């Protein structure tokens, strides 16, 4: 039996994305964008089901590149400030 795989991609985003669900696990994210003074970061919906919480600083893009790390299960979105870009999020859940 293979492990579940989650992935999500966004093209030409210039604002906050729609929410999407991820299982817990190790995820890889790639971002290609035109950055001014802005950033792209994942946010997790908080336990109150209304507040969006920023992920750790290590998971925040301030330039085009890649990041990887463990994420808990939940509802996520990407905030994007300044510019436009393409995001790809992919991962293999560990459970």
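The values are calculated or read from the model by the stated rules, or taken from the named source; none is laboratory data. Note that the structure is a prediction, hence the values are computed from the model and not measured.
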Looking at region 51-61, which of its residues are outside any loop (DSSP other than H, G, I, E, B), within 18 Å of residue 24 (Cα to Cα) and at pLDDT below 85?
-> 58, 59
Counted residues, region 62-83 - those being more than 17 Å from residue 8 (Cα to Cα) and either outside any strand (DSSP E or B) or modelled with pLDDT of 80 or more (or both) = 5
